[in-house]
1. Within a 10 angstrom radius of the beta carbon, how do 44, 67 rank from fewest other beta carbons to most?
2. Can you tell me the length gained on complete extension of the stretch residue 82 to residue 52, counting 0.36 nm per residue apart and subtracting the Cα distance?
């Protein structure tokens with residue numbers, strides 16, 4: 001499945017939503033499995049609030065590297081600060097993320113890394129363009145998507161590799 005086909009399958013999932021969701025996902029669970037670490041934090045050392053969020057990882061916790069444990073802890077702290085509305089949205093995005101192919105996930109990860117390497121002024125420009133796009137009504141966004149697919153040079157000038 002190509003990126004555009006995945007986008008057509010899931011109308012509410014656009015590349016910028018995926019990129020931003022990927023940032024949250026990376027913070028919450030990390031992206032690669034890690035080896036058993038000699039230096040790690042014991043489950044008992046975690047504060048109760050982090051334990052509640054990280055409960056699904058309790059049995060595997062000793063096997064995670066210290067780096068992965070810290071990524072998970074940052075994600076747990078971030079999750080604890082989210083409103084219930086934000087959590088519902090995040091759960092939906094995680095669900096959508098699981099529904100796309102591994103190849104598409106890899107392509108999105110690569111695009112996210114490219115985005116992170118951009119100069120901050122360019123990132124701000126892209127985020128402003130995304131905000132503008134999201135402020136448009138659903139019907140208008142669909143019209144823009146169709147136009148940009150048939151006339152790629154008519155788009156907002158946002159180009160990341162792989163598109």
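Readers should treat all values here as calculations from the given coordinates under stated rules, not as data from a laboratory. Computed from a predicted model, the values in this text were never measured in an experiment. Cβ atoms come from the backbone with ideal geometry, glycine included; neighbour counts cover every protein chain shown.
1. Listing 44, 67 from fewest to most nearby Cβ atoms yields 44, 67.
2. Difference between extended and current length: 9.4 nm.
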